[in-house]
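First up is the structure itself, then whatever we jot down about it.
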Amino acid sequence: MDIFANLLLGLQISMTPVNLLYALIGCFLGTAIGVLPGLGPAATIAMLLPATFAMPPVTALIMLAGIFYGAQYGGSTTAILVNLPGETSSVVTALDGHQMARQGKAGRALATAALASFFAGTVCTLLIALFAPPLAEVALKFGPAEYFSLMVLGLIASIVLAHGSILHALGMIVLGLLLGLIGTDVNSGLQRYTFDLPELSDGIGFVIVAMGMFGVGEIVANLQQEASRDVSINEVKGLWPTKEDFRRMIAPTLRGTALGSILGILPGGGAALASFGAYALEKKVSRNRHEFGKGAIEGVAAPESANNAGAQMSFIPMLTLGIPANPVMALMIGAMIIQGIQPGPSVMTEQPTLFWGLIVSMWIGNLMLLVLNLPLIGMWVKMITIPYRYLFPMIIVFCAIGVFSLNNAHFDVYLMALFGVIGYVFKKLDCEPAPLLLGFILGPMMEEFLRRALLLSKGDPLVLLTRPISAGMLALALILLALVLLPSFSVTREEAFQEE
Amino acid sequence: MIKIRAEKDLWAGLLYVLLAAAFLWFGRDLKMGAASRMGPGYFPLTLSWILGAFGVISIVRSFVADGSAIGRIAWKQLALITAAVMAFGFLIDTAGLMFALPALVIISALASQQSVYDLKSLLVLVGLTVFCIIVFVKGLGVPMPILGSWFEHAAVVAPQR
C-alpha cells in the first residue's frame with residue numbers, strides 16, 4: 001500500500017543524524033519551556049525562527065514541531081509535581097495529577113502522563129498519514145472562492161473554540177487582517193499604510209507581531225501579578241505504574257485520544273480544549289468517578305492523551321490546506337514561507353520528503369520524549385525553581401536578538417516594542433492576541449483569493465454561495481456563529497473554560 | 001445619567017473605532033475599484049468599516065451589559081520594559097551587543113520588584129552576554145556588531161578579533 005511506502009520515505013528522512021539531532025533539540029527545548037511558566041511554545045518558536053533560516057526546510061520544521069509537542073509534555077510535569085501547569089493544556093492534569101503526587105504516587109502519575117501521551121501521539125501519526133493525502137487531494141480542486149470561504153470558516157471556528165468575548169475575538173481578527181495588509185499591494189504595487197517608511201514596504205514581519213504580543217506583552221502582564229512561587233517537591237520514586245494502573249488507564253486513554261483527535265482538527269481547537277473536554281467526559285462516564293479530584297489515574301490519562309492528540313492533529317489543516325489552526329501553526333506556516341515553500345495542498349505532492357519526514361519525525365519525537373522525560377525528571381524539577389526575575393530579562397533578550405536578526409534592522413526592534421505595548425493594552429481589555437495573529441497571517445491571502453474569485457465571477461459575490469463546497473463552508477461558519485450566540489451554548493462554553 | 005457598566009468593553013470599543021478611523025483616513029487615497037476589479041482600497045476600507053461597527057457595538061454594550069473594570073494598569077512595568085527594548089534597538093548598531101544586551105537586562109530588571117542586584121546577578125548577566133555573543137554572533141553568524149559604530153576608531157587601535 002501507498003501509505004507504507006510514504007511512511008518508509010518519512011522514516012528515511014527523519015532518521016538522518018541531522019534531523020534526529022534537531023528533533024531531539026526541539027523536544028528538549030519544548031519540554032524546558034513547557035516546564036517554565038510564562039513562556040509558551042508560540043513565543044519560543046517565534047524566537048527560534050531566525051535560527052532556522054539557515055537549516056534545510058525539513059530540519060527546521062522538525063525542530064519547531066518538536067518544541068510544540070514537547071511543551072505539552074513539559075507542561076504536565078509541573079502540573080503534576082508542583083500544581084503549576086506550565087501550559088493551559090495541562091491545567092486539568094493538575095487536578096488529579098497533583099493529588100497523586102501528594103499521595104506519594106508522583107512517579108506513577110508522570111509515567112501515566114507520558115505513556116498516555118505517547119499512545120495518543122502514535123495513533124495520531126497514523127491518522128495524519130491516513131487522512132492527510134485524501135484531504136489534500138480534495139483541496140487541490142479548490143478554487144479561489146473555496147479558499148476564501150475556508151478561511152472565513154477557519155477564522156470563525158477559531159473564535160467559537162477560543163475563550164473570551166466573541167465580539168472582541170471578531171474585532172481582533174478584523175484588526176489582524178488590516179494589519180496584515182500593511183505594505184505593498186501585490187496587485188497594484190501601491191504602498192498601503194506604510195507612511196513612506198521603506199522598512200514597512202514589505203509589510204510587518206509576523207515574527208515581530210508574535211514576539212511583541214506573546215513575548216514582551218505577556219511579560220509586562222506577568223510582572224504585574226508577580227508572586228513568589230513557593231516550590232516544594234517531594235522526591236520522585238516508583239516510576240512504573242502497577243498492573244492495576246495500566247488496567248484503569250486503557251479506556252480513558254482511548255477516549256481521550258479519540259476526543260483530542262476530533263477537536264484537534266478544528267481550527268482554534270487544539271490541545272487546551274481537548275484536555276478540558278476529555279476530563280469532563282471521564283468525570284461523566286468513568287466507573288471511578290467518585291475518585292476524581294482525589295488522585296484518580298483516569299484524570300491524568302484522559303486529558304494528557306487528549307492534549308497530545310489535539311496538538312498533533314492541528315497539523316492536518318496546516319499541512320493539507322495551509323490554514324493555521326492556532327498561533328503555533330501560524331508560525332509554522334510562516335517558517336515554511338520563509339523557506340520558500342508555499343503552504344497548501346500542493347506541499348504533499350511537491351515536497352513529499354518534507355511532508356512525510358515531518359510526520360514520521362513526530363512519532364520519533366514522541367518516543368524521544370518518553371525516553372527522555374522520565375529519567376531527566378530531576379533536571380526539570382530544578383528548572384521549575386528558577387525564579388522569574390532571572391527568566392524574563394533573558395526572554396526579552398532572545399526576543400530582541402531574534403527580531404533584530406530578521407533583517408538586521410533596529411527598526412524591527414522598535415516595532416516589537418510597539419507591539420508589546422499593543423499586546424499588553426489588549427490583554428488588559430480582555431482581547432486575546434491569538435485571533436489577531438491568525439487574521440494577520442490570513443489577511444493578504446484572503447484579499448487575494450477574494451479578488452480572484454470576484455474577478456472570475458465578474459464581480460458577482462454570489463459565486464461564494466453558488467459553488468457547493470464554498471457555500472457549505474460558509475453555511476457551517478454561520479451555524480457555528482449562531483451556536484455560540486445561542487444562550488444555552490454560551491453557558492456550556494463558559495463552563496468548559498471555567499475550570500481554569 | 002447613563003452608567004458605564006463594562007469599562008473594558010468601552011475602551012476596547014473606543015480603540016476599535018479609533019483604529020478603524022485611522023485606517024480609513026490613511027487609506028483615503030486608495031481606490032476602491034469595482035467588485036470585479038478590486039482596487040487596493042476595496043478590502044482594507046471595507047474591513048475598516050466592519051471594525052468600526054464592532055467598535056460601536058462594543059461601546060453600546062458597555063452601557064447595557066455588565067462587564068469588568070479595567071483594574072490597575074502596570075504603567076511602570078510597561079514603560080520600563082518598552083524602554084528596555086527601545087534601548088536595545090538604539091544601542092545595537094551604535095554601541096554594539098556588548099552594551100545593548102546589558103542595558104536591556106538592567107532596565108527591564110528594574111520592572112520587577114523581586115530583582116536583586118548582587119554579585120550572583122552580575123555573574124548571570126556577564127554569562128548571558130558571553131553566551132549570546134558566542135552562540136548568536138560566532139555560532140549562528142547573526143551579523144550583529146559586538147562593538148558598534150561608536151567604537152570604530154577605537155577598533156583601529158585595538159583591532160577586533
Pick from segment A:171-206, criterion within 7 Å of chain B (Cβ to nearest Cβ) and not in a loop (DSSP other than H, G, I, E, B), ranking: surrounded by the most Cβ atoms within 10 Å (Cβ to Cβ): A:GLY171
Being assigned to a loop (DSSP other than H, G, I, E, B) and either closer than 14 Å to A:ASN187 by Cβ or at the interface with chain A (Cβ under 7 Å from one of its Cβ atoms) (or both) is the filter here, so list the residues in segment B:24-39 that pass it. B:GLY27, B:LEU30, B:LYS31, B:MET32, B:ALA35, B:SER36, B:GLY39
Here the qualifying pairs (Cβ atoms under 6 Å; residues six or more apart or on different chains; first in segment A:94-107 and under 17 Å from A:ILE377 (Cα atoms) and modelled with pLDDT of 85 or more; second assigned to a helix (DSSP H, G or I) and among the basic types (Lys, Arg)) come out as none
For segment A:272-302, which positions are free of Cβ contacts under 8 Å to residues at least 60 places away in the same chain and of a type in the set (Lys, Arg)? A:LYS283, A:LYS284, A:ARG287, A:ARG289
Restricting attention to segment A:301-359, which residues are among the aromatic types (Phe, Trp, Tyr) and on the phi > 0 side of the Ramachandran plot? none
What's the number of the condition B:ASP66 fails, among (1) more than 7 Å from chain A (Cβ to nearest Cβ); (2) surrounded by 17 or more Cβ atoms within 10 Å (Cβ to Cβ); (3) assigned to a loop (DSSP other than H, G, I, E, B)? (2)
Which of (1) facing chain A (nearest Cβ under 10 Å); (2) loosely packed, with under 13 Cβ neighbours inside 10 Å does B:ILE134 not meet, given it meets every other one? (1)
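So that you can scan it fast, the table gives a plain yes or no per residue for (1) out of contact with any Gly (no Cβ under 6 Å at 6 or more places or on another chain); (2) touching a residue at least 40 places away in the same chain (Cβ under 8 Å); (3) part of a helix (DSSP H, G or I); (4) more than 9 Å from chain A (Cβ to nearest Cβ):
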{"position": "B:LEU78", "(1), (2), (3), (4)": "yes, no, yes, no"}
{"position": "B:MET98", "(1), (2), (3), (4)": "yes, yes, yes, yes"}
{"position": "B:PRO102", "(1), (2), (3), (4)": "yes, no, yes, yes"}
{"position": "B:VAL105", "(1), (2), (3), (4)": "yes, no, yes, no"}
Here the qualifying pairs (Cβ atoms under 8 Å; residues six or more apart or on different chains; first in segment A:407-425 and within 8 Å of chain B (Cβ to nearest Cβ) and within 12 Å of B:ILE81 (Cα to Cα); second hydroxyl-bearing (Ser, Thr, Tyr) and assigned to a helix (DSSP H, G or I)) come out as A:ALA417/B:THR82; A:GLY420/B:THR82; A:VAL421/B:THR82
Search result, residues across segment B:40-59 that are more than 7 Å from chain A (Cβ to nearest Cβ) and not in a helix (DSSP H, G or I): B:GLY41
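The values are calculated or read from the model by the stated rules, or taken from the named source; none is laboratory data. Bear in mind the structure is a predicted one, so any value in this text is a computation, not a measurement. Quick reminder, even Gly has a Cβ in these numbers, built from the backbone with ideal geometry, and neighbours come from all protein chains shown.
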